[in-house]
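Worksheet for the structure shown next.
The values are calculated or read from the model by the stated rules, or taken from the named source; none is laboratory data. Just so it is clear, the structure is predicted and the values come from calculations on it, not from any experiment. Here the Cβ is made from the backbone with ideal geometry for all residues, glycine too, and neighbour counts use every protein chain on show. Only protein heavy atoms, including side chains, enter the accessible area calculation; ligands, DNA and RNA are left aside. Shrake-Rupley method; radii C 1.70, N 1.55, O 1.52, S 1.80 Å.
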Amino acid sequence: MIIKCPECGHQVSDHAESCPSCGIRIAGHIIQCPHCGGTMLSDQDVCPLCLMSIHQPVYDSDGTGAVFSPQQQDQPQEAPKPTGHRALWISLLVSIIVVAAVVLVGIYFYRHTQEQSELSAYENAMQSGEPAVLQNFLDIYVQAPADHRDSVAARLKVLRLSDQEWQTASVSKSRTALERYISQHSGSIHNLEARLMIDSLDWIRAASQNTIESYRQYMDQHADGEHYADAKMNYDKLVERHVSPDEEKMLNRLFANYFNSLARNDENSLAQSVAQVLHSFLRKPDATLNDVIGYMRQLHADDDITGMSFLLNNDWKIDKIENIDTGELEYAVTFSVNQRIDRTDPERERKNTYKVSAKVSPDGRIVDLNMRKNVAPKQ
């Protein structure tokens with residue numbers, strides 16, 4: 001510790017060997033005056049500050065007369081310790097203060113935790129679309145702030161009404177009702193289910209119609225629909241098998257040339273319309289071009305025939321079907337044709353109507369042809 005040199009008054013450490021100012025020895029040669037507490041040399045009998053003898057007794061304020069000697073000054077003094085009842089009361093008071101502090105801190109953290117828990121549950125309930133979650137909040141947090149309970153109760157009422165309307169819409173199986181429910185309840189948990197039901201209804205309608213337009217409409221409305229892949233596959237098949245106007249014209253020219261060749265008894269023109277080998281011709285399997293030519297000659301066998309003509313009716317039905325042997329698409333055609341025969345004998349048959357069913361190869365040749373004669377009209 002820093003003291004004043006008892007000789008010159010210069011500040012110096014009590015552990016210094018000597019005073020740096022006057023050179024007097026310090027360490028081990030310094031004591032405190034028992035009367036005033038001032039610093040003095042150990043070989044001095046009278047304090048230079050208070051001029052009291054260090055051998056004169058020093059009394060306590062209560063007059064007990066306890067004597068302090070210079071030797072006692074060198075030892076550290078301990079603070080008086082309370083004893084008896086006084087110490088007991090101090091200890092008890094400290095314990096009470098500590099317990100109270102612990103309780104108050106515990107209450108604070110408990111209330112803080114409860115508030116945080118209630119706030120978290122409130123936010124979760126308000127974000128939820130489940131009526132059970134909101135009802136659970138009202139049942140558990142009875143002491144929640146009034147504005148929280150009112151908000152949850154109001155949302156619960158809306159959700160219960162929404163559930164009733166959902167039951168009505170879902171049972172109806174009506175696209176209009178489902179769309180109305182979605183528009184009126186944009187945040188409902190049932191919206192996804194409603195959209196899936198609409199998707200299913202639209203797919204059933206498209207598949208039942210089974211047309212290019214029905215599948216296209218489904219794909220336009222449900223780009224991410226559950227049945228989009230099936231719709232696309234069916235759409236592609238129908239497009240592939242769709243008969244274009246150009247194909248209709250090609251088939252019309254083909255059969256017009258075939259029947260005109262029959263009427264003119266023209267083998268060369270006939271050969272341009274018919275395959276060399278047919279699957280079937282007039283119910284004969286594996287027929288050849290010669291079988292077709294033979295039929296043409298038979299049509300002109302009567303001596304009284306002076307002319308003949310065929311008129312194709314506008315009642316075409318054309319489909320594309322897959323050839324099970326080649327996998328290629330062939331044209332399946334049905335139509336009717338009227339035959340007029342010019343004769344010299346007025347009593348013989350002059351008019352016929354045939355129902356024709358035929359198949360045409362991808363390269364435009366007749367590969368299958370059968371005809372059924374209808375009842376001839378009256379002459």
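A few notes on this one:
- Peptides 318-325, 356-363 ordered by packing proxy, namely the average of other Cβ atoms within 10 Å per residue, highest first: 356-363, 318-325.
- The chain - accessible surface per residue (Å², probe 1.4 Å): 64 Å²
- Largest-first ordering by accessible area, 1.4 Å probe, given options W89, W316, W203: W89, W316, W203
- The magnitude of the dipole of the chain, with charges of +1 and -1 set on the Cβ of Lys/Arg and Asp/Glu and taken from the Cα centre, is near 1960 debye.
- Sum of -39500 (n - 2.57) over DSSP H runs of 4+, divided by residues of the chain (222 nm, nearest 500): -15000 deg cm²/dmol
- Per residue, the average separation of C-alpha pairs within less than 8 Å and at least 6 apart gives the chain a relative contact order of 7 percent.
- Spatially proximal lysines relative to K173 (Cα-Cα < 29 Å; intrachain offsets below 8 disregarded): K157, K232
- Distance between segment 120-172 and segment 216-236 - C-alpha centres, whole angstrom: 38 Å
- Between 0 and 90 degrees, the angle of helix 175-184 with respect to the longest Cα principal axis of the chain falls at about 20 degrees.
- Heavy atoms of K249 accessible to a 1.4 Å probe, total area in Å² rounded to 10: 120 Å²
- For segment 151-254, the C-alpha radius of gyration divided by 2.2 N^0.38 Å, with N the number of residues, is 1.57.
- Computed over segment 83-132, Kirkwood Rh from alpha-carbon pairs, angstrom: 14.2 Å
- Acute angle (nearest 10 degrees) that the helix 131-140 long axis makes with the longest principal axis of the chain, alpha-carbon atoms: 20 degrees
- Taking a straight line from the alpha carbon of K237, these lysines sit under 16 Å away, with near neighbours fewer than eight places off in the same chain left out: K320.
- Within straight-line cross-link reach of K373, lysines at Cα separation under 19 Å, skipping those fewer than 8 residues along the same chain: K284, K317, K351, K355, K359
- Percent RCO, i.e. relative contact order, over segment 86-163, from Cα pairs under 8 Å lying at least 6 residues apart: 26 percent
- Accessible area of the chain belonging to carbon and sulfur atoms, whole % at 1.4 Å probe: 52 percent
- Mean Cβ neighbour count within 10 Å, used as a protection proxy, ranking 114-126, 272-284 highest first: 272-284, 114-126
- In terms of accessible area, using a 1.4 Å probe and ignoring ligands and nucleic acids, D202, D224 rank largest first as D224, D202.
- Over segment 254-296, relative contact order from alpha-carbon pairs under 8 Å, at least 6 apart, %: 30 percent
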